[in-house]
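Okay, structure first, notes after.
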């Protein structure tokens, strides 16, 4: 592709995206395809000869779009929405264009330093403790996902608890134990599996039946019992906004418990953490100053294109102690000076792209005031949903609304609840997901997109009401 | 950003990239900044108010570009170049625009099915075994990096060798052992550390002093000795193109050895694997049909923007057995039907972006013929470097050229070799990296960019000659 051709096709790709966005409102949110439908539209082998880029654009419309569930659709309310924004997309595009690889400071200093600065900015904007700033012994890094952040936190915790023995001789037969509520994200169990502890090492602590938050006394009792039995507590995972219902564990109370045993405290605020750009939405992070590590995902609710999971630690030495390796071909003067950070030692991967540009672009083009407005809009729309639920006797709330997440059900029963949701999803008019709370089915409606208006919420609600009338 | 504003700024971002590329030849390849220089140009805090996107573009020029080592520069020859291409960048842009999240088939079917098809295409194009195709018990997946692929392979190997016990109760005190040559990539040791085995579990097997390839008899002896001592060999890592010198371990011979003990055979062809698009550059993969897993990085030498590391397994059940978790909120009919693949169970992360679009765009807009031409050009330029080395008595080759990688040194000694390289790097005229071979310093020159011409290689060589005259 010549430079002129790149400009032409690049402009066409930008326009394709703008047109795709403009079409979203008329597209079914959930893909209407069956397994194999997309595959059948594609040739069996790669072709020998070059095709023009227009052919790829054409196949996006013909093959891909019908097979997409449209995550950027204004009526996508499932899981936690992964919101993109124009500024983030262009920021990421620029990062592709630069094509720099920031595995160590020396391989492209700006990749590391812009990331450090932007993570310091975001830590301050969220009211996170000074200890997480990069100019002390802590610091922040962009991970791909919160799953990786939780796994990395566990490796750092094992490093600290083992006095460095784990990286040398493994986790061995030390009976390490990891704690989280029964509502903790599945990535906690996956992290224990990957770190060689196994899923049996994870203690699922009971939650309060109303708030779904961890029962701190049960946590204390589990740790005491384990210590007395000769087991080794290594990390406690706190959900500052659980996936199922947005439950906010009491960080400060958990911190009291873990302090006594020197257990690593990891706060997983993947979805809800970014809400703290608003001072009035920081209560769920009270106590975070005691955390050893903290993760929140700007790629969920802060308008930053996936992947962008911001992760901070109080003591980066535990992290780099667990993960550092320095082969000869990466030796360099800057690393040896100790004046720089080499992010390669902060995550499982070696290579890394310049992900900070997209977050930088979001922080600058929205400004903190614009980001607050975005968060507040999501919270307000969720409250509106809660009002709609309250106004219709066929429905009931399952838990209190948590920021932009509302969990409700049909009073008629589980079958009706799931059938009503499936009817709406199948219609393509909106897309919701489900969970179980206290053994009963519930519908989750999570607002996140900057495209979502009150009209979208109302239209979705009417679709749910119609479905409720028919199940 | 309004739709019209997105179009305008999007076109500007595309043009910024085209202009940046046009300027590369005149920029110093290696960043000319000291630690903290970039950071000092940025404000201490995020701003309150929104700025126009133009301000971000302006700061790319003012703050970022001077702090970059230009990986897309035609005279970037360090590490292994991470080559982007216009088609891949636009493919990735479209993936950002779509903003779909493919953690499971149901969350956006096209994300999964396009990836399956494109990985089947690439497997066929590289002459990989049928067993890796997605229509049998195996299959391919795009990982972020080869480090993650190697780690994932180790988790699958542990799952198989432990009969599923590892995911439940951890690696425990079973004395697992992992094997690779002393030239194996550092990610092997990192994988063992992360999987809870520790670095001591990795046996670094001696290499042939000339070829730098693994000594297969030494590997056999190590496994035999370990088995006799009651240790448990779990995985052998084969380097099909080592990082240091491009050494090609004999896959077929290693396969003979591992077969006897049922040890997992992982082939790490991160850099050199993609060369197999050329039938004449497949020798180093002879024996790959015995591999349990295989990784190569289109983001290194196949024109696909980072990150794109293609990973195949013969038996996906070992992978998903090691990594699958199904929380209630991800339960769905497609998964339960068993008719679909849920890629979430193929890697450490849960969330995943639509990375297949960029690889699809590369395969289509270059065609296999265009990709072969690109690989052949890199090999030819490397041979040209080898000729230049042979023609200058002050220099000598350290190993035979390996595809696009040439390793050489100054006869004068290690100090002079490193000083000459540093002089060229400091000048900004070209960028090279170093290694040690047999305890002696050597310069690595790896060709990879589609922008690199013979003139770039000659200019770099003249700079090295001038430096050699002065050290």
(message) Can you tell me which condition residue B:1 does not meet? The list is (1) surrounded by fewer than 21 Cβ atoms within 10 Å (Cβ to Cβ); (2) facing chain A (nearest Cβ under 8 Å); (3) touching a residue at least 40 places away in the same chain (Cβ under 8 Å); (4) part of a helix (DSSP H, G or I), and all the others hold.
(response) (4)
(request) Among the residues of the stretch A:187-201, write down those that are within 7 Å of chain B (Cβ to nearest Cβ), without any contact (Cβ under 8 Å) to a residue 40 or more places away in the chain and in a helix (DSSP H, G or I). (result) A:189, A:193, A:199, A:200, A:201
(message) Taking the condition of being in contact with a helix residue (DSSP H, G or I) (Cβ under 6 Å, 6 or more places away or on another chain) and more than 14 Å from every other protein chain (Cβ to nearest Cβ), how many residues in the stretch A:364-383 meet it?
(response) 2
(message) Scan the stretch A:7-14 and tell me whether some residue there is outside any helix (DSSP H, G or I), in contact with a helix residue (DSSP H, G or I) (Cβ under 8 Å, 6 or more places away or on another chain), more than 7 Å from chain B (Cβ to nearest Cβ) and at negative phi.
(response) no
(request) Look at the stretch A:305-329 and say how many of its residues are in contact with a helix residue (DSSP H, G or I) (Cβ under 7 Å, 6 or more places away or on another chain), assigned to a helix (DSSP H, G or I) and more than 8 Å from chain B (Cβ to nearest Cβ). (result) 4
(request) Identify the residue in the stretch B:112-130 that is out of contact with any helix residue (DSSP H, G or I) (no Cβ under 7 Å at 6 or more places or on another chain) and within 18 Å of residue B:340 (Cα to Cα) and, among all such residues, is farthest from the other protein chains (Cβ to nearest Cβ). (result) B:119
(message) Suppose the filter is part of a loop (DSSP other than H, G, I, E, B) and either within 8 Å of chain A (Cβ to nearest Cβ) or crowded, with 24+ Cβ neighbours inside 10 Å (or both); does residue B:48 pass it?
(response) yes
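Residues are listed down the side, and each one gets a yes or a no for (1) modelled with pLDDT of 95 or more; (2) over 21 Å from residue A:229 (Cα atoms); (3) surrounded by fewer than 24 Cβ atoms within 10 Å (Cβ to Cβ):
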| residue | (1), (2), (3) |
| --- | --- |
| A:121 | yes, yes, yes |
| A:127 | yes, yes, yes |
| A:131 | yes, yes, yes |
| A:135 | no, yes, yes |
| A:154 | yes, yes, no |
| A:168 | yes, yes, yes |
| A:190 | yes, yes, no |
(request) Answer yes or no: is there a residue in the stretch A:55-70 that is within 7 Å of chain B (Cβ to nearest Cβ) and in contact with a strand residue (DSSP E or B) (Cβ under 9 Å, 6 or more places away or on another chain). (result) yes
(request) Consider residue B:408 carefully, then state whether it is farther than 25 Å from residue A:104 by Cβ, buried (at least 17 other Cβ atoms within 10 Å of the Cβ), modelled with pLDDT of 95 or more and touching a helix residue (DSSP H, G or I) at 6+ places or on another chain (Cβ under 6 Å). (result) no
(request) Specify the residue that is nearest to the chain's Cα centre (by Cα); the eligible residues are those in the stretch A:19-40 that are crowded, with 17+ Cβ neighbours inside 10 Å and free of Cβ contacts under 8 Å to residues at least 40 places away in the same chain. (result) A:31
(request) Evaluate the following for residue A:428: is it at pLDDT below 95 and either within 19 Å of residue A:401 (Cβ to Cβ) or out of contact with any helix residue (DSSP H, G or I) (no Cβ under 9 Å at 6 or more places or on another chain) (or both)? (result) no
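Okay, residues lined up against (1) assigned to a helix (DSSP H, G or I); (2) under 30 Å from residue B:154 (Cβ atoms):
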site: A:348; (1), (2): no, yes
site: A:361; (1), (2): yes, no
site: A:364; (1), (2): yes, no
site: A:380; (1), (2): yes, no
site: A:393; (1), (2): no, no
(request) Out of the residues in the stretch B:428-454 that are assigned to a loop (DSSP other than H, G, I, E, B) and more than 13 Å from chain A (Cβ to nearest Cβ), state the one that is surrounded by the fewest Cβ atoms within 10 Å (Cβ to Cβ). (result) B:453
(request) Determine which single condition residue A:284 fails, assuming it passes every other condition in (1) more than 10 Å from chain B (Cβ to nearest Cβ); (2) out of contact with any strand residue (DSSP E or B) (no Cβ under 6 Å at 6 or more places or on another chain); (3) in a helix (DSSP H, G or I); (4) modelled with pLDDT of 95 or more. (result) (2)
(request) Scan the stretch B:331-363 residue by residue and report those that are over 24 Å from residue A:309 (Cβ atoms), more than 9 Å from chain A (Cβ to nearest Cβ) and within 20 Å of the chain's Cα centre (by Cα). (result) B:362
(request) Residue by residue through the stretch A:80-99, note down the ones that are more than 30 Å from residue A:379 (Cβ to Cβ) and more than 7 Å from chain B (Cβ to nearest Cβ). (result) A:95
(message) I'd like to know if the stretch B:140-156 contains one or more residues that are facing another protein chain (nearest Cβ under 7 Å) and free of Cβ contacts under 8 Å to residues at least 60 places away in the same chain.
(response) yes
(request) Scan the stretch B:242-262 residue by residue and report those that are touching a residue at least 60 places away in the same chain (Cβ under 8 Å), away from chain A (no Cβ under 14 Å) and in contact with a strand residue (DSSP E or B) (Cβ under 7 Å, 6 or more places away or on another chain). (result) B:248, B:249
(message) Restricting to the stretch A:298-355, give me the number of residues that are at pLDDT 95 or above and at positive phi.
(response) 1
(request) Among what's in the stretch B:202-228 and is free of Cβ contacts under 8 Å to residues at least 12 places away in the same chain and in a helix (DSSP H, G or I), pick the residue that is farthest from the other protein chains (Cβ to nearest Cβ). (result) B:217
(request) Pull up the stretch B:170-184, narrow it to residues that are facing chain A (nearest Cβ under 8 Å) and modelled with pLDDT under 95, then point me to the one that is surrounded by the most Cβ atoms within 10 Å (Cβ to Cβ). (result) B:172
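The values are calculated or read from the model by the stated rules, or taken from the named source; none is laboratory data. A quick note: this is a predicted structure, and the numbers were derived from the prediction, not measured. In this analysis, Cβ positions are derived from the backbone assuming ideal geometry, glycine residues included, and neighbour counts consider all displayed protein chains.
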